[in-house]
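One structure is given here, and the rest of the page talks about it.
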Amino acid sequence: MIGGGGGAFIANPHQKAIHFDGTRRVTSVALHPDPEIAMNEAENWPYPVKGYKSYDDMFADQANLPDDEKIDYVLIVTPNFVHFDPAMKALEAGIPVLCEKPLTTDLEKADQLVAKAREKNVPFAVAHTYLGHWTSWFMRFIVKSGLIGEVRWVDSYYIQGWLANKLEDSGQMQAEWRTDPKKAGGSGCGGDIGTHAMMQLRYVTGLEIERVSARLEKFVPGRPIDDHFTVYCDLSNGGKALVRASQICIGHLNDLGIMVAGTKGAIKWRQEEPEQITVLVDGQPDRTYWRGAVSANDGFLGDVPDWLLNEPTIPPGHGEAFHDAFARLHREFEKTVRAYQAGEEWSCDGEKYANIDDGRMGLAFIDACLKSSDADGAWEAVCKG
């Protein structure tokens with residue numbers, strides 16, 4: 001694990017998720033840019049880990065270790081501006097990477113990472129958490145199977161209220177770096193949570209965003225980057241979409257959701273109620289499907305792959321949640337890494353977790369949105385690379 005010290009929120013759900021299955025564990029950590037703090041944090045970690053003063057030391061030490069003690073993959077949970085360097089160095093060393101989103105702070109660096117991952121042929125995943133919900137997998141199956149017809153319209157959103165006031169001035173660490181363009185990148189709200197809404201759209205529908213007309217706005221006085229993000233999109237099949245995010249809507253917590261409207265019906269889901277999806281078909285009663293309680297050939301669904309039906313591990317009504325979604329990402333990436341290490345065929349194809357190309361598309365999307373917003377909402381093509 002690189003990053004995660006000093007009270008960083010995201011390290012906690014990751015490290016819990018890593019231990020879910022008993023087949024992987026955190027063994028080595030470089031937790032903080034200050035070497036003394038990094039070692040103190042490692043000593044006080046909830047369980048024994050090998051602490052390093054820096055991730056450079058961690059990578060250098062791999063040559064001194066027996067094969068069964070070397071890193072299998074590295075998890076990067078630093079602020080955005082510290083994603084690029086450790087990811088590049090891991091790839092150079094042939095070490096697979098699971099990196100928090102967004103992939104980097106700008107498209108140029110994202111392109112460099114993609115090129116290096118392809119050159120070295122090393123697995124790389126991006127932690128778009130909400131793809132790890134079983135219901136996200138199920139929605140993707142329904143939409144890509146054509147059960148709601150051709151996609152016409154998508155509304156994908158992520159609404160929060162925690163930055164409705166200038167929290168960064170209080171010394172709150174999460175607010176400080178997320179509102180600093182040098183650390184977060186050119187977009188604050190868009191880069192932080194708008195990319196989640198964008199990725200949910202791409203994953204569930206299998207469609208790409210071709211062009212954007214964007215408005216990146218700052219409602220809190222003195223804030224240098226956006227806290228409100230609204231983007232109208234042209235999709236690759238001719239459909240339309242709205243990707244929206246806000247961090248200034250008081251009362252909203254982590255209100256991520258998606259509605260996909262097709263020529264035969266529609267589907268909708270909310271992250272705050274992650275166990276269920278609703279399918280609406282013209283002239284028929286609404287259908288609500290619950291994780292773990294889905295049957296194939298029910299009059300709407302046809303055949304459903306066994307891997308999808310059998311994946312849930314607890315009965316319906318016992319709620320999965322945020323940690324389970326993280327665990328599903330780590331579980332699937334572990335399978336890829338083990339195949340890679342064994343010299344077997346492997347693929348980061350984006351089917352069960354976001355890959356490096358998905359991460360790069362997040363930066364291409366933000367890049368286009370910044371250009372569009374600067375041009376008063378003019379249409380801007382998303383660079384496909």
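The table that follows gives values for the structure above.
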read-out	value
For the chain, the longest site-free run once trypsin sites (Lys or Arg not before Pro) in DSSP loop states with at most 16 other Cβ atoms within 10 Å are removed	265-383
Calculated from backbone phi, Karplus (6.51, -1.76, 1.60) coupling profile of the stretch 289-298 in Hz, x at Gly/Pro	10, 10, 3, x, 10, 10, 10, 5, 6, 9
For Ala125, distant residues with modelled amide H under 5 Å away	Val97, Leu98, Cys99
Sites Ser295 and Asp56 - FRET efficiency at Förster radius 51 Å, r taken between beta-carbons, to 0.05	0.45
Ile248 long-range amide H proximity, modeled H, under 5 Å	Gln160
Cα centre as origin, Lys/Arg/Asp/Glu Cβ charges: the stretch 282-385 dipole, Debye	260 debye
Antiparallel DSSP beta bridges within the chain, as percent of all bridges there, nearest 5	70 percent
The stretch 56-61 - phi-based ³J(HN,Hα) in whole Hz, Karplus 6.51/-1.76/1.60, Gly and Pro as x	4, 5, 4, 5, 5, 6
Difference of contour (0.36 nm per residue) and Cα-Cα distance, Asn254 to Asp68	63.0 nm
log₁₀ of I(q)/I(0) at q = 0.11, 0.21 Å⁻¹ - the stretch 1-158, Debye sum with one point per alpha carbon	-0.51, -1.43
Solvent-accessible surface (1.4 angstrom probe) belonging to Thr263, in square angstrom, nearest 10	70 Å²
Vicinal HN-Hα couplings computed from phi for the stretch 264-280 (Karplus, 6.51 cos²θ - 1.76 cosθ + 1.60; Hz; Gly/Pro x)	10, x, 9, 9, 9, 7, 10, 5, 6, 10, x, 7, 10, 10, 10, 10, 10
Net length gained if the chain between Glu273 and Glu43 were fully extended (0.36 nm per residue, minus Cα distance)	79.0 nm
More than 32 angstrom apart: percent of Cα pairs within the chain	33 percent
Exposed-site-free run, longest, the chain (rule: GluC sites (Glu not before Pro); DSSP loop; at most 13 other C-beta within 10 Å)	1-149
Accessible area of the chain divided out per residue, in Å², using a probe of 1.4 angstrom	42 Å²
Accessible surface of the stretch 333-385 [probe 1.4 Å, protein heavy atoms]: carbon and sulfur percent	45 percent
Alpha-carbon centroids, the stretch 317-370 and the stretch 22-44: separation in whole Å	23 Å
Residue-span extension gain [Ser145 to Asn237] - 0.36 nm each, minus C-alpha spacing	31.6 nm
Check: the chain dipole with +1 on Lys, Arg Cβ and -1 on Asp, Glu Cβ, in debye	560 debye
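The values are calculated or read from the model by the stated rules, or taken from the named source; none is laboratory data. Please read all numbers here as calculations on a predicted model, not as lab measurements. Neighbour counts are summed over all protein chains in view; Cβ atoms, including those assigned to glycine, are modelled from backbone coordinates with ideal geometry. With ligands, DNA and RNA removed, areas are computed over all heavy atoms of the protein, side chains included. Shrake-Rupley method; radii C 1.70, N 1.55, O 1.52, S 1.80 Å.
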